Amino acid sequence: MADGGQVAYYAAPRPAVTWPHQVGVLPRQADCFQDRAGAEQLAQAVTRGSTAVPCQVLVGMGGVGKTQLAAHHARQAWAEGGVDLLVWISATTREAVISAYAQAAAEVLGADLADAERAARAFLAWLEPKPGTTQWRWLIVLDDVADPADLRGLWPPAGPHGRTLVTTRRRDAALTGDHRRLVSVGLFSPDEAIAYLTTALAFHGRQGPPDQLAALAADLGHLPLALSQAVAYLIDANLDCAAYRARLADRTCTLTALLPDPSGLPDDQATSTAAAWSLSIDRADRIPPRGLARLMLQLVAMLDPHGIPAGVLAGPPALAYLDEFRIGASPEQTHTQQVTEQDAIRALRALHRLNLIEHSPNVPHRAVQVHQLIQRAARDAMTDTDRHVAVVFSATALTAAWPETERDATLAQALRANAEALIRHDEGPLYRLGDFDDELDGVHPVLFRTGESLGKAGQIDAAMKHLQHVLDTACAHLGRDHPDTLHAAHDLAHWLGESGDFAGAATAYKRLLQQETRALGRKHTTVLDTGVSLTYWRMKSGDVVSAVSTYRRVLKQMTKVRGPNHPHVLNLRHNLAWCQGEAGDAVGAAAALEELLEQELQVLGCGDPLTLNTLGALAHWRGEAGDHAGAVAALESVVEQKLRVMGPEHPDTLSARHGLGRWRAIAGDIAGATADLENLLVDRLRVLGPDHPHTFATRSNLANLRGRAGDPAGAAEATAELLGQMLRVLGTDHPHTIRTRNNLAYWRTKAVQDPTAHQSTD
């Protein structure tokens, strides 16, 4: 009998039934079942009382342990006497549900099994609450519902004394309603995963170092099914955690080869982790637009599991991939009907409905997330050729989604993470594109874009490491004189210079110039560009006079080859004017920049980055010529325009703000300059990080302003702190380190000479 508890039954049972009664067999509890947070969440969701929702639907990706949680809850309800009737149904098909209902009707009502449909209807009718009848408590578990349509007309009735528990990988809207609530079942937490591994290994008389257990749990994405099968595999194969992790890291090994064969699966499991999602993928692929979900998952499998920007998977390259390789389309889908952006989004939603991905369009920079093992299983199911094609299309989709000007640091970081994931999965096709298109042969542009983005984001060491790898790999695949190998060497030399090693950059460009001249000829435009870069870094190293004469000579050649309005020609004129200023002719530099600015405004417009850079340079050299106030006013305008055109986090915007603060200080506004640079430092720390050379420069200027404001001791203290960080990051012989060491000596001397200056209060 019931008094408002969890389960209920109606009408008088046939005499042969003894109560409580169970129909169906519960799966046995896993050997090392974790009493995890999800179990408590479920227990709270089905608490007694009038506010309880009579049907709980446990949803989650395959392998998270939904069935084990449902069985655990059913056992507890049975053991605590809260159930008069417990029905466990393996609900993978509609026929299985009807058959189980009919069996329950036969056992409880004495129904005739010859007509299963009629018996099932009788059982559901019996569950309906009826005034004036004896109320029995019931719990019906519908495990592993594969399709919400299978339960159409078969949902147990809602009532105050009956409860239904459903487990499914689906999360369709059809599963919810007034009397049904979705309960999301996720992965183990890191602590739960480590606790499971510890217990499971100990069950077999084994143990592992805590750091290796944590690492193995992370490698398997904290997925309960994968963890249990990994333990069984390493026990049977007599491996320790480190050895098993080494095999996992080998991308030539399939996931199937790293998990038990069907005879060795633990806990009465029916399928391996690698096969756990096969049915879900098949079902997603049959959801309209048919034939796209599997292909979309193949693209997703190549990218960052933690978040793929929306534009990558709905852009023209992704649509071209879906359109070219689509199979199994519905009859009404003709070959002439190309895949649209809306089709791509619907394919993502199909995968989301089957819990194969998380699709969050309201988080556009990380719109798609996916478990790493689902990715691996999807890649394993592809042939080598299919996988290589998917890699190239994914790389092209990333490149197409990458904005020319990175105004959004979060988007740029997400794109870099996706490019890095793609490289980890399989970078080989990115160096031999001719295998798939005879017109394409070389390094995929996404590799160069990644290096550029890393450098502009302030991760210069990472940019150089990445480009060195690209250079080495391109040389091995394409040869040392291939244009893209030379391109990689050029980019690497550039970021070497941006790191502060001007002489090293000049040496690298000199070596590259010799190689390009031999491979391409002296008059090739690439050779001319390298000569310009070599001259620039020689100028930065202090060889200004030589740079001026070289720039003038190269300018004539480049103008003849490319024309006077080519961006490279305009940029060269900018560099030549700057060299004039560095050589001591500030007035001549300003005049040359004024002339250049007029042409850029006509050719490029006022919002082009080259035009804005020329405006900033013109303000600088006018200031050097003596017009300090004019420099400040002009730079205020430049900063305002760069904020509007490039965004607040663009490196050029940050550099313009730095220049404005510097010229405020030169004009005598120490307080205003300090305020500018303090605000800039906050942004540079956030965007570029604490170890970027530009962040160091802002800190150095702030320390010097502190000294100029009358606090030499405070300036010395701030400079000493900066020097310690520079020594760690740049080393003792770096030019920036040497300059900072000299500044420290200066401010310490000033502090001794002027003991009346106020002391630092930091």
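Under 5 Å from the amide H of L182 lie the amide H atoms of V57, each residue being 5 or more positions distant or on a separate chain, with H modelled from the backbone and absent for Pro and chain starts. For K510, the aspartates and glutamates whose Cα comes closer than 17 Å to its Cα, not counting residues fewer than 8 places off in the same chain, are D481, D491, E498, D501, D529, D543. Considering all projection directions equally, how large on average is the shadow of the alpha-carbon convex hull of the range 195-306, in square nanometres? Average of the hull's projected areas for the range 195-306 equals 8.0 nm². Would you compute, from DSSP H runs of 4+ residues alone, the mean residue ellipticity of the chain at 222 nm, taking -39500 (n - 2.57) per run and dividing by the full residue count, rounded to the nearest 500? Calculated from helices alone, the mean residue ellipticity at 222 nm is -19000 deg cm²/dmol.
Put simply, the Cα atoms of the range 581-622 extend 30, 14, 13 Å along their principal axes, the longest span coming first.
On full extension of the chain, what length is gained from Q22 through D172, given 0.36 nm per residue of separation minus the C-alpha to C-alpha distance? Before the final figure, lay out the partial values.
Numbers: separation 150, 0.36 × 150 = 54.00 nm, distance 2.98 nm.
Taking 0.36 nm per residue and subtracting the Cα distance, the gain is 51.0 nm.
With the cut-off at under 16 Å, measuring from each backbone N in the range 65-88 to a point 7 Å along the Cα-to-Cβ line of S184 picks out 65-66.
The phi-based Karplus calculation (6.51 cos²θ - 1.76 cosθ + 1.60; θ = phi - 60°) puts the 3J(HN,Hα) values of the range 86-98 at 10, 10, 10, 10, 7, 9, 6, 9, 5, 4, 5, 5, 4 Hz, whole numbers, x for Gly and Pro.
Using 0.36 nm per residue, how much length does the chain from D268 to E678 gain when fully extended, once their Cα-Cα distance is taken away?
Values: separation 410, 0.36 × 410 = 147.60 nm, distance 6.31 nm.
The D268-E678 span can extend by a further 141.3 nm.
Projecting the Cα atoms of V687, A709, G661 onto the dipole axis of the range 647-712, where Lys and Arg carry +1 and Asp and Glu carry -1 at the beta carbon, places A709 farthest toward the positive end. Among A457, T92, L197, which residue has its Cα positioned farthest towards the positive end of the charge dipole of the chain, with +1 placed on the Cβ of Lys and Arg, -1 on the Cβ of Asp and Glu, and the dipole taken about the Cα centre? After comparing all options, I get A457.
Rounded to the nearest 10 degrees, what's the angle between the helix 460-478 long axis and the longest principal axis of the chain, both from Cα atoms, 0 to 90? Value to nearest ten degrees: 80.
Find me the longest stretch of the chain that has none of the exposed trypsin sites (Lys or Arg not before Pro), where exposed means in a DSSP loop (not H, G, I, E or B) with at most 12 other Cβ atoms within 10 Å. Numbers along the way, then the final one.
Numbers: sites that count: R28, R152, R251, R522, K523.
The longest uninterrupted stretch comes out as 252-521.
For the range 285-407, the fraction of alpha-carbon pairs lying more than 17 Å apart is 53 percent, rounded to a whole number. A Cβ-based charge dipole, computed about the Cα centre of the chain with Lys and Arg at +1 and Asp and Glu at -1, lands at about 460 debye. In this calculation the C-beta distance from S360 to E598 is compared with R0 = 45 Å, giving a FRET efficiency of 0.40. When GluC sites (Glu not before Pro) are flagged only if DSSP places them in a loop and at most 13 other Cβ atoms lie within 10 Å, the longest unflagged stretch of the chain comes out as 440-762.
Computed from Cα atoms, the angle from the helix 316-325 axis to the main principal axis of the chain rounds to 40 degrees.
Here the convex hull built on the C-alpha positions of the range 385-533 has a volume of 113 cubic angstrom per residue. With angles folded into 0 to 90 degrees, how steeply does helix 586-603 sit against the dominant principal axis of the chain? Use alpha carbons for both and round to 10. Taking Cα atoms only, the helix is inclined about 50 degrees. Taking 7 Å steps out from each Cα toward its Cβ at D441 and T254 produces label points 3.4 nm apart.
By the beta-carbon count within 10 Å of each Cβ, the least crowded to most crowded order of M726, M646, fewest first, is M646, M726.
Summarised as an ellipsoid, the chain has semi-axes of 66, 31, 25 Å, derived from the eigenvalues of the Cα gyration tensor scaled by 5 and square-rooted, with the largest first. The gain in end-to-end length when the Q207 to E80 segment is fully stretched comes to 42.2 nm, 0.36 nm per residue minus the alpha carbon separation. Dipole orientation for the chain: of the candidates A104, L259, Q725, Q725 has the Cα lying most toward the positive pole (charges on Cβ; Lys, Arg +1; Asp, Glu -1).
No value in this document is a laboratory result; all are computed from the given coordinates. Everything quoted here is computed from the prediction, not taken from an experiment. Note that each Cβ is placed from the backbone with ideal geometry, even for glycine, and that neighbours are counted across all protein chains shown.
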